[in-house]
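The values are calculated or read from the model by the stated rules, or taken from the named source; none is laboratory data. In this text the structure is predicted, and so the values were computed from the model without any measurement. Every residue, glycine as well, gets a Cβ built from its backbone with ideal geometry; the counts of neighbours run over all protein chains shown. Note: accessible area is taken over every heavy atom of the protein model, side chains too, but ligands, DNA and RNA are not part of it. Shrake-Rupley method; radii C 1.70, N 1.55, O 1.52, S 1.80 Å.
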Amino acid sequence: MTTSLEPTQVEDRVPARTILDVSELRKRYAPDRPLVCDGLTFQVREGEFVAIIGPSGCGKSTLLRMMSGILKPTSGTVSLHGRTITKPPPEMALVFQDYTRSLYPWLTVERNVRFPLARDKSLSKAEKAERVARALDNVGLTGFESYHPGALSGGMQQRVSIARALAFQPQILLLDEPFASVDALTKEGLEDTLLDVRDRMQDAGNTMLMVTHDIDEAIYLADRIVVLSKPPCWVAEELVIDLPKPRNQIETRSHPEFLRIRAHIHDVMGLTDQRRGAGDSRTTH
Ligand SMILES: Nc1ncnc2c1ncn2[C@@H]1O[C@H](COP(=O)(O)OP(=O)(O)OP(=O)(O)O)[C@@H](O)[C@H]1O
């Protein structure tokens, strides 16, 4: 099925300034390995929630690692506020899929969340405690400060990971498949937690970028979706998501526009072996 959508200029709809600029990114892990990313170009604007989706193994995590400065591109650049990223910038925090490996099992919830602040000499003890308390409140974990991760459910542990990133108060929060390891119901709860946090962060101009292979999750959460092709990946399309806010698991997911966008993305992802001309990725809504 082909869904016909009229192209729309992102600039008309999202006037905020560019915070991250991804330009012609290519990645090959070794000379004898295939190309993973093939000329990725897109921008992220201040205050946006951008979801990056694409088929399994297409290079989403590779892209996020390059954007966070922990992986060097083979060519191309990622710029933050116009400066090329060469190492993890202090303005960013990253949440990974595997919370079991990102939390310290021997530390309490409170100490796990406080951990990244430990060396920050610009904050007093009271300010650190306040940030930790607010981050735990944001993810609904007030009261669990003295627990160890092993005494929490998987979904709660992932909320601790998110709280830890939030306590850091990043200008940009990068999330790599953060809900891939939890059950469907927990996932919905975490998505709504993230939307709440997003509303709070957005007021401060903060930005979120999430990688997921779940099309419905991307549409539910994002202001804009960057669709990647099959490997080696390139930007097949960018879509502005204009669904009403606040979003709701039942109403948003059954909204006719939600269903239309989902059909369209399936369509685009099914066609991504046939590369369009260079620089010919489309922006639609
Ligand atoms: N450290 C590495 N060394 C060599 N190859 C790698 C490395 N990391 C990833 N790759 C390769 O890069 C390709 C893309 O992997 P990546 O994890 O970025 O994709 P993905 O889209 O995030 O996958 P998934 O949807 O399964 O999470 C894969 O072929 C993978 O084998």
Notebook entry, point to check: Ranked highest first by the average count of other Cβ atoms within 10 Å around their residues, in what order do 157-170, 37-50 fall?
Noted result: 157-170, 37-50
Note to self: Run the numbers for Ala16 and His266: contour at 0.36 nm per residue of separation, minus the present Cα-Cα distance, in nm.
What the structure shows: 87.1 nm
Next item on the list: Return the Rg/Rh value of segment 16-140, two decimal places, where both radii are evaluated on C-alpha atoms and Rh is the Kirkwood radius.
Entry: 1.03
Check: Out of every Cα pair in the chain, what percent are spaced more than 37 Å from each other?
Finding: 13 percent
Note to self: Give me, ordered by chain and number, the residues 5 or more places off Arg28 or on other chains with an amide H under 5 Å from its own placed amide H.
What the structure shows: Val36, Thr74
Note to self: With angles folded into 0 to 90 degrees, how steeply does helix 256-270 sit against the dominant principal axis of the chain? Use alpha carbons for both and round to 10.
What the structure shows: 70 degrees
Check: Along the charge dipole of the chain, Cβ charges K/R +1 and D/E -1, which of Tyr99, Thr193, Ser122 sits furthest on the positive end?
Finding: Ser122
Next item on the list: Would you mind checking the radius of gyration and Dmax of segment 72-206 based on alpha-carbon positions, in Å?
Entry: 15.3, 47
Notebook entry, point to check: Over the chain, what percent of the accessible surface lies on carbon and sulfur atoms, probe 1.4 Å?
Noted result: 51 percent
Checklist line | Accessible surface ranking that places the most exposed of Arg224, Arg200, Arg65, Arg253 first, with a 1.4 angstrom probe | finding: Arg200, Arg65, Arg253, Arg224
Next item on the list: Before anything else, pin down the relative contact order of the chain: Cα pairs under 8 Å, at least 6 apart, normalised by residue count, whole percent.
Entry: 27 percent
Checklist line | Per residue accessible area in Å² of the chain, where ligands, DNA and RNA are left out and the probe is 1.4 Å | finding: 47 Å²
Next item on the list: Rounded to the nearest 10 degrees, what's the angle between the helix 184-203 long axis and the longest principal axis of the chain, both from Cα atoms, 0 to 90?
Entry: 90 degrees
Item checked: Centroid-to-centroid separation of segment 235-266 and segment 73-146 [C-alpha atoms, Å] -> 30 Å
Checklist line | Nearest-10 value in Å² for the accessible area of Asp196, using the 1.4 Å probe | finding: 80 Å²
Next item on the list: Assign unit charges at the C-beta atoms only (+1 for Lys and Arg, -1 for Asp and Glu), then state the dipole size of segment 56-197 relative to its Cα centre in Debye, rounded to the nearest 20.
Entry: 760 debye
Check: In degrees, nearest 10, range 0 to 90: what is the angle between the Cα axis of helix 154-167 and the longest Cα principal axis of the chain?
Finding: 90 degrees
Item checked: Solvent-accessible ranking of Thr77, Thr108, Thr212, largest area first, probe 1.4 Å -> Thr77, Thr108, Thr212
